[in-house]
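The structure appears below as structure tokens.
None of the figures in this text is laboratory data; all of them are computed from the coordinates on show. Source: prediction; values computed, not measured. Using ideal geometry, Cβ is built from the backbone for each residue, glycine included, and neighbour counts are taken over all protein chains shown.
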Amino acid sequence: MAQILSSFSTSFPNVALTSRVAHTPELVRWLRAGEIDMALIEVFESELRAGDHLLGQQQVVWLQAEDFVLDPGRPIPFVTYHKDCFYKAWAEKALAESGRSLRGVFECPSIEGMVNAVRSGLGIGLVNLGVFEQRQQGGRRGDSRGLKIEHVDLPEPPAIQHVARFSAGISTRQMDKLLESIKNELGTR
């Protein structure tokens, strides 16, 4: 993203570009309030809007320590990114439908902190499958030692869509060019 934003700033020197990094719920609030013009966010397919520009899709998986054992008679200890995490909201609803519940045990805004809490056995969490696969391949985000994907006795998480979403009424040549640059970098069209 840094390279895309730098190229955009060079191509459009009269456009004042400011970038913010935050989790999806906060970015969506900023869009609604008109504080930002565009956000790159993750949403479940059921939350797609007509004006969203699809950038990709990934599966969400339950992640836990290899030696972690879920106690079926107790609330599931849950590691999350933050209190408003939309993965957490989905998990609470899906588990409630099966008569189970979550108990928040750790909140951390970074993927590293969240995954390390899971690895330590504090609880389980939800992550993009791509995060786990990067770790298995020794990618820049660490490794997958001590971690596994849990498939048993938990609801299957839906896929998430990566989208670019614009603030109401925003459509300019410059924004179209920025979106085109992002899509080219990601290999989407």
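Listed values, structure above:
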quantity: Of Ser6, Gly56, Val28, farthest towards positive along the dipole that unit charges on Lys, Arg, Asp, Glu beta carbons give the stretch 1-130; calculated: Val28
quantity: Theoretical gain in end-to-end length, Asn14 to Phe44 [0.36 nm per residue, Cα-Cα removed]; calculated: 7.2 nm
quantity: Label of the coordinate-derived value, Cα Rg over 2.2 N^0.38 Å, listed as [x] 1.21; [y] 1.14; [z] 1.38; calculated: [y]
quantity: Dipole of the chain, positive direction: furthest Cα of Pro158, Phe78, Met175, with charges on the beta-carbon; calculated: Met175
quantity: Calculated over the stretch 36-137: convex hull of Cα atoms, volume per residue (Å³); calculated: 121 Å³
quantity: Partners for Lys93 among lysines (Cα-Cα distance below 26 Å; same-chain residues under 8 apart left out); calculated: Lys83, Lys148
quantity: In degrees, nearest ten, helix 86-97 long axis to first principal axis of the chain (Cα); calculated: 40 degrees
